[in-house]
Amino acid sequence: MVSKTVLCPAVFISAPASGQGKTTITAGLAQYHHNQGRKVRVFKTGPDYLDPLILQRASHYPVEQIDLWMMGEDYCRQVLYQAACEADLILIEGAMGLFDGDPSSADLANFFNIPIVAVISAKAMAQTFGAIVLGLTLYRSDLSFTGVIANGIGSQRHQDLVEQSIPETIDLLGCFPRKETMELPHRHLGLINPNEIEDFEQRLEKLADEIALTHLKNLPSPVEFTSVINKYTKPELIGCKIAIAKDEAFSFIYAENIRLLQALGASIDYFSPLYDERLPNVDVLWFPGGYPELHKEKLQNNVVMHQAIKQHFDANKKILAECGGMLYLQKTLTGIEGDCVKMVGLIPGDGHMRSRSGCQGMQIARLPEGDIRAHAHHHSRSENTLEPIAHAKRATHTAPGEAIYRSKGLTASYLHLFFPSNIEAIIRLFSHS
């Protein structure tokens, strides 16, 4: 089969670190070009569930994650090609700093030959801004930079000093003022879900208005994207009925995971541990990650749902619980302030929220069904748990990864699995026969 190519304007938005304003600028760009009548497809680098929700509201199209290690080169190549076939503009937001991680955002931009826009916060600095620009743009010779954005400008004098510091070889694409009305609120795992921000649409429009005042309003140069041969997926899960917990407490789900299960023939239903009192009649339950700690009292009080889940468990039916889903199925969950509530109690375990980050990063889940690529990111710890059946393998160092627990048909861990990384293992994990 001969590969196909297509051209589409594209740009990669990165920064020297987290917290510089990448998502803010990317959302503003998406909203501006949408307002011009263009179809904008946005991708987020790395295993991030929150930024895509914001970028989806701005672009008005589904936003998915993209990562060379977890998803593989062929997958990344194909989803970008498919987007390029229908889009007027592709935006890719990086993760953390440009050179952080292995592979890094720089590696992804280089792999697809996508030019980079560097977003740099100018807060608490002046002429040093130019030194950071110079170092960032010259650190690797295999990268192409469209220019830089100065974010968080406090005054006209501040802007003048920043502009004067930038080398003549680097284009300053725009300066964004320091305005609270354009900022996107945060909490412990990252940006707040846009559905919780009352004036979110107004913030997007203000960002788009700022974009209109800069060179970012111009479409970037076209980039060539190439297709790959899709792997044929046999419908090995025909007849398998899967119900997924989905509401304000549970929402960290890769869209590709759902598409894979459906391609394998499984039927998908959804239920809410917060509001529902009964489960769909299914073979498998899947509790993804989310924010159970923000809704722990309501989750505790829905005891009818607890009983329904226990009946499913006692029938030796399968359950997959990831991160927040695992916390929900353990005995208790304690908040930052020390308030403890009862959870479902399928397995031993006391979850404790904490202010500092727990284990995070890319890992390989060493399941009996096979190795599945995954990631972890949480601000909690679990104590008094089951004896793990295995530990995940970290992608970049030798320390043991997250513990993996199993009881009857339940598989639980802090890991968020990327199903397409091992389709055969997923078939075995979800098979109800």
Legend entry - Projected-area mean, the chain, by convex hull of Cα positions, square nanometres: 21.4
Legend entry - Alpha-carbon centroid distance for the pair segment 31-85 / segment 366-429, whole angstrom: 26
Legend entry - Above-threshold pairs, the threshold being 18 Å between Cα atoms, out of K310/K331; K22/K44; K22/K217; K296/K317: K296/K317
Inset, instruction - Choose one answer from G361, G135, G325: the residue with the largest mean-square fluctuation in a GNM of the chain with alpha-carbon springs under 10 Å. - result: G135
Legend entry - Burial ranking of peptide ranges 383-390, 424-431 (average Cβ count within 10 Å, highest at the top): 424-431, 383-390
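All of the numbers you see were taken from the coordinates with simple rules; none came from a lab. Remember, it's a predicted structure, so these values are computed and weren't measured experimentally. Every residue, glycine as well, gets a Cβ built from its backbone with ideal geometry; the counts of neighbours run over all protein chains shown.
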